[in-house]
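Colleague: Quick one: structure below, then a few questions.
The values are calculated or read from the model by the stated rules, or taken from the named source; none is laboratory data. Since this is a predicted model, take the numbers as computed values, not measurements. Positions of Cβ are backbone-derived with ideal geometry, glycine not excepted, and every protein chain shown enters the neighbour counts. Areas reflect the complete protein model, heavy atoms only, side chains present, ligands, DNA and RNA absent. Shrake-Rupley method; radii C 1.70, N 1.55, O 1.52, S 1.80 Å.
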Amino acid sequence: MKFLTGLFVLVCLAAMLPDAYGQAAVVVNGQSVPLDHYYRRIEQSPVEPVTAFITPVAKQAGLAVLNNLIKETMLLQLAEKEGVSPTEQQISERFAALEEILKQQLVDLKTLLSGAGVSEAEFRESLKPEIAQTNIFSKYIIIPEVSIKTAYRNYTTDLPEDQRRLSPYYLPEAVFLQAVIAETREKAEEARQRLLNGTPFPEVVKQYSVDPRSRERGGDVGWLSRPDTVRTAIPGIPPEIYQKAFATKTDEISEPFESGGRWVLLKVRESKEARFLPFETAKPMMRDRLLIISAAADPQIRALLERARSEATVEVKIPAYRGQVEITIPVVSSRLAGF
């Protein structure tokens, strides 16, 4: 649905844009932001419709992307002016930090990017504005190590038991599942008996599973985290799968149960207890979070950002958005900090 919505947005936006594809979408302080960059950002950031009419949705999405590109360009320009432009080392460090955070959450960053159709080079480039922001803030603010450790404890071990799952650093219980999806209960029972007799899981899956993707993966479903009031279940995975998965012990094979008109066997190959991100993994996140909070209250940084806003010259090249762009203080969300 999101992909189709993004496609509709692109089609509608095509009617609003200048004829020459190589033109600029906007010029910020004399620096052009290429139109193909704008198109690519729209493609990577499809939105669900908020009205029944496509054109207003396209305009809302396009304007939001344009405003973000303006802020990002202003931040990169300000970082250069302040002598703190992002370096390749910083980009690599931030990429590695995000990779480790997602790894702790049982997600592979490169697989995630591949599924979203985003190259690693594109993603690394997209990290520059938030690194520029961090560099600007860090030039004027120092976050002591003791403050990071204290904040980490406040968000983790010092939280009351009933509030821990609200922490951005909380990792819920998770299981790595394997599944056999059989046509009938009898076939599922046969498959279970073969597994109990020691037949390798991929071999049993190949013989009994009616799901092509399951057979391709040797029955591996992957990691599944226990949902709660903060972290919702994955859309498309029935409740009975979650119920059975977290009622099955490691290395156990569940009894056959019905789901979606098929008969399913689950095996928990590995499990992880609920936990927090380790301090060393969470440290870059916490530092960015404290930096953003401190910067919001720092008069010198606020004056610097306000001056960048008031002195900016922005020339919108997309006819539909001329006169609609509002130049705001250039601050972007930080993926590392979770904002």
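Colleague: For helix 35-44, report the angle its Cα long axis makes with the longest principal axis of the Cα atoms of the chain; keep it between 0 and 90° and round to the nearest 10°.
Modeller: 30 degrees
Colleague: Out of residues 5 or more away from Ala25 or on other chains, whose amide H comes under 5 Å of its own, with H placed 1.01 Å from N in the peptide plane?
Modeller: Val33, Leu35
Colleague: With θ taken as phi - 60° and the coefficients 6.51, -1.76 and 1.60, list the Karplus ³J(HN,Hα) couplings across segment 263-270 in order, rounded to whole Hz; mark glycine and proline as x.
Modeller: With coefficients 6.51, -1.76 and 1.60, one gets 10, 10, 10, 10, 10, 8, 7, 7 Hz.
Colleague: Here is a further query. Would you mind getting the Kirkwood hydrodynamic radius of the chain from its Cα pairs, rounded to one decimal in Å?
Modeller: Taking every pair of different Cα atoms in the chain, averaging 1/r and inverting gives 23.5 Å.
Colleague: With a 1.4 Å probe and every protein chain kept in, tell me what percent of the accessible surface of the chain is carbon plus sulfur.
Modeller: Numbers: 9600 of 18250 Å².
Roughly 53 percent, rounded to a whole number.
Colleague: Quote the FRET efficiency, to the nearest 0.05, computed for Glu273 versus Gln60 with a Förster distance R0 of 45 Å and r equal to the Cβ-Cβ distance.
Modeller: Values: r = 43 Å, r/R0 = 0.96.
FRET efficiency, Glu273 to Gln60: 0.55.
Colleague: Which of the lysines could a cross-linker span from Lys139 if the Cα-Cα distance has to be under 20 Å and same-chain partners fewer than 8 positions apart are dropped?
Modeller: Counting by Cα, and skipping residues close in sequence, Lys139 has these lysines nearby: Lys71, Lys81, Lys128, Lys283.
Colleague: Rounded to whole Å and sorted largest first, list the principal axis extents of the Cα atoms in segment 200-339.
Modeller: Sorted from largest, the Cα extents of segment 200-339 read 68, 44, 26 Å.
Colleague: If I take every Cα pair under 8 Å that is 6 or more residues apart in segment 230-300, average their sequence separation and divide by the length, what percent do I get for the relative contact order?
Modeller: Values: 40 pairs, mean separation 14.7, N = 71.
Relative contact order, segment 230-300: 21 percent.
Colleague: At a Förster distance of 30 Å, what's the computed FRET efficiency of Asp251 paired with Thr157, Cβ-Cβ distance as r, to 0.05?
Modeller: According to the calculation, E is roughly 0.50.
Colleague: Could I get the Rg over Rh figure for segment 254-332? Both from C-alpha atoms, Rh via Kirkwood, rounded to two places.
Modeller: When Rh is taken as the Kirkwood radius, the ratio is 1.36.
Colleague: Okay, next question. Can you tell me which aspartates and glutamates have their Cα less than 14 Å from the Cα of Lys317? Leave out same-chain residues fewer than eight positions away.
Modeller: Within the straight-line limit of under 14 Å, Lys317 reaches these aspartates and glutamates: Asp19, Asp36.
Colleague: Taking the convex hull of the alpha carbon atoms in segment 94-249, what volume per residue do you get, in Å³? All intermediate terms of the calculation are to be shown ahead of the outcome.
Modeller: Values: hull volume 26.5 nm³, N = 156.
Cα convex hull per residue, to the nearest whole number: 170 Å³.
Colleague: What does the net charge come to around Ser167 if you take all other residues with beta carbon closer than 13 Å to its beta carbon, with K and R at +1 and D and E at -1?
Modeller: Local net charge: +2.
Colleague: Using a Debye calculation, one point per C-alpha and no hydration shell, please list log10 I(q)/I(0) for segment 162-258 at q = 0.18, 0.20, 0.21, 0.24 Å⁻¹ in order.
Modeller: -0.86, -1.01, -1.09, -1.34
Colleague: If you don't mind, another one. Suppose a student asked you for the relative contact order of the chain, using Cα pairs under 8 Å spaced at least 6 residues apart; what percent would you report?
Modeller: Computed value for the chain: 23 percent relative contact order.
Colleague: Okay, next question. Which lysines have a Cα less than 21 Å from the Cα of Lys249, not counting those fewer than 8 places away in the same chain?
Modeller: Filter leaves Lys267, Lys272.
Colleague: Give me the 1.4 Å probe accessible area per residue for the chain, excluding ligands and nucleic acids, in Å².
Modeller: On the way: 18250 Å² over 339 residues.
Heavy-atom accessible area per residue stands at 54 Å².
Colleague: Using θ = phi - 60° and the Karplus form 6.51 cos²θ - 1.76 cosθ + 1.60, what ³J(HN,Hα) does each residue of segment 248-260 get, whole Hz, x for Gly and Pro?
Modeller: So the Karplus estimates, Gly and Pro as x, are 9, 7, 4, 6, 7, 10, 5, 5, x, 9, 8, 8, x Hz.
Colleague: Enumerate the amide H contacts of Leu171 below 5 Å, restricted to partners 5 or more residues apart or on another chain; note that Pro and chain-start residues carry no placed amide H.
Modeller: Placed amide hydrogens put Arg275, Phe276, Leu277 under 5 Å from Leu171.
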